[in-house]
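*Asks:* Sharing a structure, written as structure tokens. Questions coming.
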Amino acid sequence: MQETLRARIRLLGLLRWVERRRRYLLITFNCLSDAVPAGIALAAGWLVTTTESALADSGEPMQLARPLVALVAMFVLVELADSARGSLGRAAANDVERHVRQRIRQVSALSGAIDDLEDERFQDDLFSASSDDGERRKSAGTAAVGQLLLTSRFLGAILASLVVARFSPALALFLLSASLLGRATIRRQWIGLADIFLAHVPTLRRAEYFSELVVGAQAARDVRTYGLGKWLTERRQTVARSALVPLWQRRRAVLRKQGLAIFLSLGGSFAALLVPRLLASTGDMTVGELVTCLMAGFATLVIGSMGLEAFDIENGIVAAESYWRIEERRWDASARRIPDSPLTVPQIVFRDVTFSYRDREPVLSSLDLEIHPGEVLAIVGANGAGKTTLAKLLAGLYRPTSGAIEIDGQDLRYFSLAHWRTRLFEPPRVS
């Protein structure tokens, strides 16, 4: 529960990358759109009460003007807010996604090392952070905007329940609890889809690779020369189906388990109609109050429905978590960043260094090597002995699996690799 709450708060934090004016307008229109229904319930009750009074006292029709204008104004406001937050939400999602892509490019290009780029888990995160699923993008931007929409709806439901609580606190508590429980039930059923998608990211990435081979220009000549188009298309379909079939099966299973959610929805609707009717029949509620209670009750139940924002959140949070993992992969050692040193000949120490490519056998194992300033050292060996690997480790292109490389007594991890590489020179190879 705490992890879910923390992730949702981090999603809202992504909205800081939205252009400031657009962000404030989006928050304002979201709050208006979800808070106004409670105001509409009050205005409608006011109008009915005023109408009853005017009919009973043969009053002036003009006394209906204020509640009628207020009611119409609120309807117009909620329509404008709904329309505006849709377009603002799309623009805000694009702002967040633009920042995410920019950060991914920076992390990929400026990390200085290439071992991340060769890591399959890193590749999976890159794929997930920018995945597309038909008309709905699995992006951190849509998830952040969806979370804001859900938050404003939750606050709107609380506001509407407070209106109901004026007449029946028990009914208000029941309606809000039933709505939240129904939503939690549906979410628990659907959340597994995101987990299944995440588990099949490597397979979907292979399917994308086959698609690029079929339609891409780079392999177009070989594919057509050797007649590989049909084989690659069939291979792509087979790989894609192996990942998508479990998703389809889960969706069908979820649709067959909607009994509890339907019961809670019907129970809430029945209570929202029955309790005000009983209060009105006993004289504890006027007609105007009856209208207000009914409208506020159904405004409370809105939070129980699963709109597209729920799927944007559950799908997009996969992309957001991938983005956060990519950010965490940075060589962020700012707390111990070593200032750039003058271009002098350093002392280099390999201290118990072990290195292996991915999950293969170690190329270097427990290597201890010390190179003093001004010392000339030749490293020779057969092909595959690790000479090039040693040079890549020294250049910071790869990081040791264990152990450390020290430059003048300081760990190479905390050096600016761009500056460090200005102190290296690779002589041309002589065959």
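Coordinate-derived values only; no laboratory data. Here the structure is a predicted model, which means the values were calculated and not measured. Cβ placement follows ideal geometry from the backbone for every residue including glycine, while neighbour counts extend to all protein chains displayed.
*Asks:* Compute the relative contact order of the chain as a whole-number percentage, counting only Cα pairs closer than 8 Å that sit 6 or more residues apart in sequence.
*Replies:* RCO, the chain: 22 percent.
*Asks:* Given charges of +1 on the Cβ of Lys and Arg and -1 on the Cβ of Asp and Glu, with all other atoms neutral, how large is the dipole of the stretch 335-421 about its Cα centre, in debye to the nearest 20?
*Replies:* Here the stretch 335-421 has a charge dipole of around 400 debye.
*Asks:* Please identify the helices of the chain, taking whole runs of DSSP H, that span at least 24 Å along their own axis as judged from the Cα atoms and have a mean Kyte-Doolittle score of 0.0 or higher.
*Replies:* Qualifying helices: 20-57, 65-110, 140-165, 169-199, 259-281.
*Asks:* Neighbour counts of other C-beta atoms within 10 Å: give me Phe270, Phe350 arranged from fewest to most.
*Replies:* So the ranking, lowest neighbour count to highest, is Phe270, Phe350.
*Asks:* Moving on to the next point. Within 10 Å of each residue's Cβ, count the other Cβ atoms and sort Ser322, Ser128, Ser265 from fewest upward.
*Replies:* Listed from fewest to most nearby Cβ atoms, that is Ser265, Ser128, Ser322.
*Asks:* Quickly estimate the mean residue ellipticity at 222 nm for the chain, helices only: each DSSP H run with n ≥ 4 gives -39500 (n - 2.57), and the total goes over all residues, rounded to 500.
*Replies:* Computed mean residue ellipticity for the chain: -23000 deg cm²/dmol.
*Asks:* Restricting attention to the stretch 150-243, which chymotrypsin sites (Phe, Trp or Tyr not before Pro) occupy a DSSP loop and are surrounded by at most 11 other Cβ atoms within 10 Å?
*Replies:* Answer by residue number: Tyr226.
*Asks:* Please give the contour-minus-distance gain from Ser83 to Leu424: 0.36 nm per residue of separation, less the Cα-Cα distance, rounded to one decimal in nm.
*Replies:* Fully extending the segment from Ser83 to Leu424 adds 116.8 nm.
*Asks:* Follow-up. Any idea how far the Cα center of the stretch 238-294 sits from the one of the stretch 302-326, in Å?
*Replies:* 22 Å
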